[in-house]
Structure formats: structure tokens, C-alpha cells
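Have a look at the structure below, then the notes.
The values are calculated or read from the model by the stated rules, or taken from the named source; none is laboratory data. All values reported here derive from a predicted model rather than from experimental measurement. Positions of Cβ are backbone-derived with ideal geometry, glycine not excepted, and every protein chain shown enters the neighbour counts. Note: areas computed on protein heavy atoms with side chains; ligands, DNA, RNA excluded. Shrake-Rupley method; radii C 1.70, N 1.55, O 1.52, S 1.80 Å.
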Amino acid sequence: MKITSCSSVSYYRKGENKMASSQSEAIKVLYKGWIDAMSANPEMGLDEMRDIFEHWGDITNEPGEVDYSEVDAGGVQAMWAVPKGCAEDRVVVCTHGGGYVTGSMYTHRKVFGHLAKQIGCKALILHYRRAPEAPHPAQVDDAVAAYEWLLSQGYTNDHICTSGDSAGGALCTSMLLAIRDQGLPMPVAAMPMSPWYDPEGTGESLITNADKDAIVNKDVLMGMAGMFLGDGSPKDPLANLLCADLKDLPPIYIQTGGDEGLLDDSVRFEEKARAAGVDVTLDIFPEMQHVFHFMAGRAPEADDGIAK
């Protein structure tokens with residue numbers, strides 16, 4: 001139920017006086033375990049940190065009736081998620097989160113399977129190159145290469161949309177800028193979830209929500225931004241969407257949690273996109289954590305978000 005609205009920003013709650021569901025605590029428990037493990041081992045290496053994040057999908061229930069297969073998408077490792085009886089000619093290109101450093105198509109297989117099943121289309125989940133081994137703009141290059149591969153396979157741009165979470169939420173948006181600038185036909189829409197649009201970490205919510213967000217803090221964010229950017233500028237518009245020219249982008253539908261440190265990334269982007277004439281909607285889910293969608297099939301807030 002929509003209970004409050006300001007421009008195209010909406011706040012959702014399952015009943016005005018209802019607290020967050022008990023099931024939604026699962027993601028806080030997961031994130032706390034990560035933070036505790038990293039705090040206990042301040043010298044933790046990148047491989048070990050990546051191993052921890054590989055358990056992201058543990059809290060996602062299997063969507064059921066979705067087949068998965070790996071594919072080479074124009075030189076980019078990827079995975080098809082194909083729901084039973086879906087439209088075979090329509091694709092959502094999915095880019096996983098993890099600060100461009102962690103996460104994989106395997107951690108996000110189930111949550112993007114839920115999304116594809118809800119839409120009734122195929123999902124192409126990209127296993128793009130990660131930083132620091134491959135800093136920006138390798139991720140954008142991979143996303144565009146996979147998109148060009150889809151076009152070469154006969155999928156039409158008006159039957160392709162993009163989606164992603166966190167860093168992947170930014171990537172599913174920045175790939176649109178690269179597609180536009182290269183003169184390619186534009187996907188029909190984008191659906192970022194808890195996007196990380198600002199690698200400079202200037203959002204006020206990083207401070208105001210610091211005691212609510214169970215995983216994102218500025219120190220961790222800046223460490224990942226350094227690996228992601230390499231020698232590049234934090235104001236590069238393909239890395240920092242708040243510095244980008246957003247004109248001529250397709251409709252964008254953003255969902256984020258009200259307790260997120262990255263909340264202001266979405267709020268500021270929505271304002272900038274609307275000013276550029278983009279058809280943009282931002283839905284903020286009260287009391288929800290970063291990428292609460294991972295609780296798909298488990299928590300009503302996640303299922304509600306994916307259904308919307």
C-alpha cells in the first residue's frame with residue numbers, strides 16, 4: 001500500500017502501523033555475520049572476503065521452475081535463468097552487486113530467477129570482470145558487449161530491459177549511458193535495486209542511517225571505490241551516475257530500503273534524472289536493508305518489491 005508520496009518518490013509499508021516482518025531480520029543476521037568476520041580479521045585478504053560474500057544467496061529461497069545454464073555472451077561469462085513457460089524473446093539483463101569487487105552470477109542466481117519468473121521473461125545474469133584485477137570501465141565494457149551479443153542473437157532492444165543491485169544497480173544504469181553514447185538501440189527500461197550511484201560517498205544518509213544499515217559504512221564503501229576506480233576519476237560519469245548527463249535514457253524504476261546508508265544515492269539520482277526529462281520512479285521501502293530483495297521467497301517485503 002502506498003501511504004506517502006512526494007513527486008515520484010513513494011514510501012511503501014504493509015499496513016501503516018505494522019513493523020517490518022520477522023522474516024526480514026534474516027538479512028541483518030547475514031550482514032552482521034560478515035561484519036563480525038571482517039572485524040575479527042582486519043588483515044582479511046580479498047579471496048577470503050569474496051568467499052564470505054558468496055553466501056549472499058543463502059537467504060534467498062529457490063524460485064522453483066527456473067532452469068539455469070551458463071553461456072558465453074559475446075566473450076562475457078554469463079548465466080541464463082529461464083522460467084518455465086516464459087516469453088523466450090524477452091530478456092532482462094542482470095548485473096550483480098558486491099562493490100564491483102565481490103559477488104557473482106552464482107550469488108545472485110536465485111534473486112534474479114525470482115525477478116525473471118515474476119516478469120515472465122528470460123534473465124541473462126552477467127559474470128562481469130571484477131576489480132581490482134579489472135578496474136573501471138571493464139564492467140561497463142562487459143555489460144555493453146553482452147548487450148551487443150543479445151542483439152546479434154536476434155533479441156530486439158524493445159524486448160530487453162536491465163536490472164541490478166548495489167554496484168550492479170549502478171552498472172545496469174551506466175550501461176545505458178554507454179549504449180546511448182555508442183549509438184546502439186536503447187533497452188526499453190532499467191530497474192535498479194539499492195543502487196550505488198556515488199563512489200565518492202557524499203550522501204548524507206551514510207551518516208544519518210549509519211546506526212541502521214547493517215552492512216554499508218563509508219570506510220568499506222571507500223575501500224571498494226578505490227579498487228573499482230583504480231587510477232580513474234571518481235567523477236567519471238560512467239562510474240559516478242550523479243555526474244552523468246542522463247538525457248534520453250529510457251524509463252527507470254528504482255527500489256531501495258529506508259534504512260540504507262546509500263538511500264541518498266537513489267534520492268539524488270531520481271532528482272537529477274527527472275530534471276533531465278527521464279521517466280523515473282523511486283520507491284523507498286521503510287525499515288528495509290541494502291538489497292532486501294535477497295530475501296525473495298522468504299520475507300514479504302522482498303516479494304512485494306519484486307512483484308512491483
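Above 11 Å lies some portion of the pair distances; for the range 155-196, what is it as a whole percent of all C-alpha pairs? Don't skip to the answer; put the middle values down first.
Numbers: 512 of 861 pairs.
Value for the range 155-196: 59 percent of Cα pairs lie more than 11 Å apart.
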Can you sort Arg274, Arg180 by 1.4 Å-probe accessible area, starting with the largest?
-> Arg274, Arg180
Would you kindly state how much longer the chain becomes between Asp36 and Lys308 on full extension, computed as 0.36 nm times their sequence separation minus their alpha carbon distance, in nm to one decimal?
-> 94.6 nm
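Kindly report the accessible area of the range 95-180 per residue (heavy atoms of protein chains, probe 1.4 Å, no ligands, DNA or RNA), in Å².
On the way: 2100 Å² over 86 residues.
Solvent-accessible surface per residue comes out at 24 Å².
At a threshold of 8 angstrom on Cα-Cα distance, excluding pairs fewer than six apart, so keeping six or more, what relative contact order does the chain reach in percent? Please list the in-between numbers first.
On the way: 681 pairs, mean separation 63.9, N = 308.
That works out to 21 percent.
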Once Rh for the chain is found with the Kirkwood sum over Cα pairs, what is the Stokes-Einstein diffusion coefficient at 37 °C and 0.692 mPa s, in µm²/s?
-> 172
Give me the distance in nm between label points sitting 7 Å out from Cα along the Cα-to-Cβ direction at Ile52 and Glu200, one decimal.
-> 2.9
Could you point to the residue in Met49, Gly99, Ala299 farthest towards the positive end of the chain's charge dipole, with +1 and -1 charges on the Cβ of Lys/Arg and Asp/Glu respectively?
-> Ala299
Work out which helices of the chain, taken as complete DSSP H runs, extend at least 20 Å along their axis over the Cα atoms and score a mean Kyte-Doolittle of 0.0 or more, then list them.
-> 25-40, 138-152, 167-181
Is the range 237-308 best put as rounded, prolate or oblate by its Cα gyration tensor, with a ≥ b ≥ c the root eigenvalues, rounded for a/c under 1.5, and otherwise prolate when a/b is larger than b/c, oblate when not?
-> prolate
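In the structure shown, do any of Lys122/Lys218; Lys212/Lys272; Lys28/Lys117; Lys117/Lys218 have a Cα-Cα gap over 31 Å, and if so which?
Values: Lys122/Lys218 35 Å; Lys212/Lys272 26 Å; Lys28/Lys117 26 Å; Lys117/Lys218 35 Å.
Beyond 31 Å: Lys122/Lys218; Lys117/Lys218.
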From the backbone phi of the range 77-86, what are the Karplus-calculated ³J(HN,Hα) couplings (6.51 cos²θ - 1.76 cosθ + 1.60, θ = phi - 60°) in whole Hz, Gly and Pro given as x?
-> 5, 8, 9, 7, 10, 10, x, 4, x, 6
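Taking the Cβ of Ser104 as the centre, find all other residues whose Cβ is under 10 Å away and add up their charges (Lys, Arg: +1; Asp, Glu: -1).
Details: positive: Arg50, Arg109, Arg130; negative: Glu54.
Value of the local net charge: +2.
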Excluding ligands and nucleic acids, what accessible area in Å² is computed for Trp149 using a 1.4 Å probe, to the nearest 10?
-> 40
Listed residues Gly113, Gly168, Gly98, most fluctuating in the chain (Gaussian network, C-alpha, under 10 Å) | Gly98
Inter-part distance where the range 29-67 and the range 210-250 are each reduced to a Cα centre, Å | 21
Quick one: pull the percent of accessible area on the range 84-212 belonging to carbon and sulfur, 1.4 Å probe, ligands and nucleic acids left out.
-> 49
Contour excess over end-to-end distance, with Cα ends at Asp248 and Asn157 and 0.36 nm allotted per residue | 31.3 nm
Report the charge-dipole magnitude of the chain in Debye, nearest 20, computed about the Cα centre from +1 at each Lys and Arg Cβ and -1 at each Asp and Glu Cβ.
-> 720
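Could you compute the FRET efficiency for Val188 and Glu25, with r as their C-beta to C-beta distance and R0 at 41 Å, rounded to 0.05? Please list the in-between numbers first.
Working: r = 36 Å, r/R0 = 0.88.
Taking R0 as 41 Å, the efficiency between Val188 and Glu25 is 0.70.
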